[in-house]
Each structure stands twice: as C-alpha cells, then as structure tokens.
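One structure below.
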Amino acid sequence: MQILGLYNYWIVIVLMMAGLYIMIARYNLIKKMIGLGVFQTSIFYLYISMGKVTGGSAPILDDNVTQYSNPLPHVLILTAIVVGVATTAVALALIVRIHEEYNTIEEDEIKAIEAAEHDS
Amino acid sequence: MELLVTLVLLTFLVAIVIGIIVLRDLLAGVILLGLYSLIAAGIFVVMDAVDVAFTEAAVGAGISTILFLGAMSFTRHEQKPRGHDSLVTLVFVVITGALLIYGTFDMPHYGSADSPAQTHPQLAQHFIHKSINETGMPNIVTSVLASYRGYDTLGEVVVVFTAGIAVLSILGLVRRRPEEEAPEDAPGDLPTITQDGSEHNV
C-alpha cells in the first residue's frame, strides 16, 4: 500500500495530460470538447481520491461504523459535475452555431475562411 | 481486493483515453467518453463517494453524452485526418505532467487518515461528529450540500440557469432566419397553384 501511495495521483495526471493533448493537438471542435470532458472527469477523480480514508465507509451516519471518508470533496465535486455539464452545453451550442455559419467545425478551415473574408 | 478493483478500473480509464486519442470517428469518441464517465462512477463507489457516483453516472455519462449526440446530429461525424501532432505539443504536455508528478511527492498518501484534510477540526471532523445534531440528516453529504454550503448550491443553480439562457439565445434566435431564406417550395410542401392555373410540386 505504501508503494502505491501516490499511484492514484500519477494516473490522474496521465489522464489530465491526455485530455490537454487532445484539446491542443486536434483541430475538430467536438473532439476538443471530448478532451475537455476527459480533463474534467480526471479532476473529479483527483478530489475523490484525496477524500478517501483507508478502512473508512461512505459518509452516511450509522451506529456500526466508526471511520468515515471525508464528505467535503464529495460535495465540491457534486457541484463541479453539474457546472461542467452546463459549460459543455453552452460550448456545444456555440459549435452548432459555428457549423451553421461556416459549414465546418475544423479550426484551421474556419481560420482560412476568416482570412479570405478579411482579404476581400 | 479494493485496491485490485481500483487498479483494474484505472487501467480501463487509460485504455479508453488512448482509444479517444487514436480514433478519428467522433461518434466512437463520444461513446468512449460516456464509458469513461461510467467507469469513473464505478471507481467513485469504491472510494466511498456514492452520491458523486450517482451524479456522475446520471449527469456525466447520461446527459452529457446526449448533449454531444444532439450537437453531432447538426454537424459532421468524421474528424478530418489532420491536426498538428507536433513534437512541440507533446513536449509541452510531457513537461507539464512531469512538473505535476514532482508536485505529488509532497501530497499525503492515498487513504491516509492523518492528513490535514482529514483532521481539520472545523471541516471534516465537524461535519462527521456534529452534523447529525445541527441538521438532523444522516447523510453527511446532503447536510453539507444543502445546509453548510447552501449558498454554494444556490450559486450552482444560478450557473445552470444562466447556461440554459445562453443555449437558448445562441440557438433559439437563429432558427427564425432560415424561414426567410428558405425556398418557397420546400420538398414535401403541399402542391401550390401557380398563376396560370397549372399545379406544380417541387
């Protein structure tokens, strides 16, 4: 257990960096949002693993339980999940609108169209 | 046993993320993202966060997948075979990750009961020992969410409301414009009578 004490955090960092890589390296806007989703969920995982106590139980009071995990990260992440979906919804609405206007959701094609409009 | 379950699920998560990076089909990417959220919900159950697991399974895996599919029905399903897989991006990401991993060496180990977050007298210990008398709610997460941090939850509702208004104003106003620009005889319209009396249907 002691050897694996930080293993969780390292996996979280690998997942976070994978999400960041998708957001930077892919031109497709929906793909970027998928990368953002991966990033968000890995942050949730970081918080929840910080609240876990070995041998603890879910934070619902019971006479037979003596050790509980920390309830505070759970509350923070409950709020973060809902806010994350709200931002995803706004971003996807913007992507639909961009597709109506430019007929593409590839970042470089949008830039090319804007440059052509600017020149003319 | 608990550790083994966590390790297997974590390996699944990494495999799914590699799949998302490699695949070009957006539908596959969205479904994999839903699966990623669902497996994350499973890990949350192992880590005692049952309320978070419910929400993640319902909202993260359910609603956000539906939102993605809805947006994709208006756009395209295939990502163009491009994107700058440049060395600079990779180096940047690896350096950031290495710095973060260096930062984790100062963190308390997973599951330690004596870390500051666990022993702070005003936070976790207060909630665990006093919330039943102060709020009368056996589920500590509920009492913190609705009572101790009630304004936080109110702010969350405001954010969701604002997002709803934003989505409606981005999409709702635009829908009217195509009616003006739409051809007079769209396919599927009832046959119209032109001025010379002949019936034509487009």
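B:Arg24: accessible area at probe 1.4 Å, nearest 10 Å²?
For B:Arg24, the solvent-accessible surface is approximately 110 Å².
Can you give me the distance in nm between label points at B:Gln122 and B:Ile31, each placed 7 Å from the Cα along the Cα-to-Cβ direction?
Placing both labels 7 Å beyond Cα along the Cβ direction yields 5.0 nm.
With every protein chain left in place, what is the accessible area per residue of the stretch B:1-79 in square angstrom, probe 1.4 Å?
Value for the stretch B:1-79: 44 Å² per residue.
Using the 2.2 N^0.38 Å rule of thumb for compact globular proteins, work out how the stretch B:65-148 stacks up: its C-alpha Rg over that value, please.
Details: Rg = 22.9 Å, N = 84, 2.2 N^0.38 = 11.8 Å.
Expressed relative to 2.2 N^0.38 Å, the Cα Rg reads 1.93.
Counting Lys and Arg as +1 and Asp and Glu as -1, what is the net charge of the other residues whose Cβ lies under 14 Å from the Cβ of A:Gly37? Before the final figure, lay out each step's value.
Details: positive: A:Arg26, A:Lys31, A:Lys32; negative: B:Glu56.
Every neighbour counted, the sum reads +2.
Enter the accessible area per residue of chain A (Å², integer; probe 1.4 Å; all protein chains in place).
Per-residue value: 40 Å².
Per the helix-only calculation at 222 nm, which mean residue ellipticity applies to chain A, given -39500 (n - 2.57) for every DSSP H run of n ≥ 4 and division by its residues, nearest 500 deg cm²/dmol?
-25500 deg cm²/dmol
Keeping all protein chains in place and using 1.4 angstrom, which order do B:Met1, A:Met23, B:Met47 fall into by accessible surface area, from largest down?
B:Met1, A:Met23, B:Met47
How would B:Val5, B:Val88 rank on accessible area, largest to smallest, probe 1.4 Å?
B:Val88, B:Val5
If we count every other residue with Cβ under 11 angstrom of A:Leu94's Cβ, Lys/Arg +1 and Asp/Glu -1, where does the sum land?
On the way: positive: A:Arg97; negative: A:Glu100, A:Glu101.
Neighbourhood net charge equals -1.
Apply the Karplus curve 6.51 cos²θ - 1.76 cosθ + 1.60, θ = phi - 60°, to the phi angles in the stretch B:39-49 and return the couplings in whole Hz, x for Gly and Pro.
Calculated HN-Hα couplings, in order: 5, 4, 4, x, 5, 4, 5, 4, 8, 6, 9 Hz.
Taking θ = phi - 60°, what integer Hz values does the Karplus form 6.51 cos²θ - 1.76 cosθ + 1.60 yield along the stretch B:141-158, in sequence order, with x for Gly and Pro?
4, 5, 5, 5, 4, 9, 10, 5, 10, x, 5, 4, 5, 4, x, 4, 4, 4
Heavy atoms of the protein only, probe of 1.4 Å, neighbouring chains included. What is the accessible area of B:Lys130 in Å², nearest 10?
Answer for B:Lys130: close to 110 Å² accessible.
Keeping all protein chains in position, work out how much accessible area A:Asp108 exposes to a 1.4 Å probe, and write it in Å² to the nearest 10.
50
Rg to Rh ratio, the protein assembly as shown, alpha-carbon atoms and Kirkwood radius?
On the Cα set of the protein assembly as shown, Rg over Rh gives 1.09.
Pull out a ≥ b ≥ c, the square roots of the eigenvalues of the alpha-carbon gyration tensor of the stretch A:1-118, then state rounded if a/c is under 1.5, prolate if not and a/b is larger than b/c, and oblate in the remaining case.
Working: a/c = 6.07, a/b = 2.38, b/c = 2.55.
Because a/c hits 1.5 or more and a/b fails to exceed b/c, the stretch A:1-118 counts as oblate.
When a/c reaches 1.5 or more, the comparison of a/b and b/c decides; with that in mind, is the stretch A:19-73 rounded, prolate or oblate per its Cα gyration tensor?
Prolate is the answer for the stretch A:19-73, as a/c is 1.5 or above and a/b outweighs b/c.
With each label point set 7 Å from Cα along the Cα-Cβ vector, what nm distance links B:Ile165 and A:Thr54?
Calculated label separation equals 5.0 nm.
Between B:Asp152 and B:Lys80, what FRET efficiency follows from the Cβ-Cβ distance if R0 is 41 Å, with the result rounded to 0.05?
Computed FRET efficiency for B:Asp152 and B:Lys80 comes out at 0.50.
Tally up the carbon and sulfur contribution to the accessible surface of the protein assembly as shown as a whole percent, 1.4 Å probe, everything protein left in place. Walk me through the numbers before you get to the answer.
Numbers: 11420 of 16990 Å².
Of the solvent-accessible surface of the protein assembly as shown, carbon and sulfur hold 67 percent.
Under 1.5 on a/c is rounded, so check that first for the stretch B:1-79, then, if it is not, pick prolate when a/b is larger than b/c and oblate when it is not; a ≥ b ≥ c are the square roots of the alpha carbon gyration tensor eigenvalues.
oblate
Lys/Arg Cβ at +1, Asp/Glu Cβ at -1, dipole of the protein assembly as shown taken about the Cα centre: which of B:Ser86, A:Ala80, A:Leu61 is farthest positive-ward?
A:Leu61
The values are calculated or read from the model by the stated rules, or taken from the named source; none is laboratory data. Because the structure is a prediction, the values reported are computed rather than measured. Every residue, glycine as well, gets a Cβ built from its backbone with ideal geometry; the counts of neighbours run over all protein chains shown. SASA here: full protein model, heavy atoms, side chains in, ligands and nucleic acids out. Shrake-Rupley method; radii C 1.70, N 1.55, O 1.52, S 1.80 Å.
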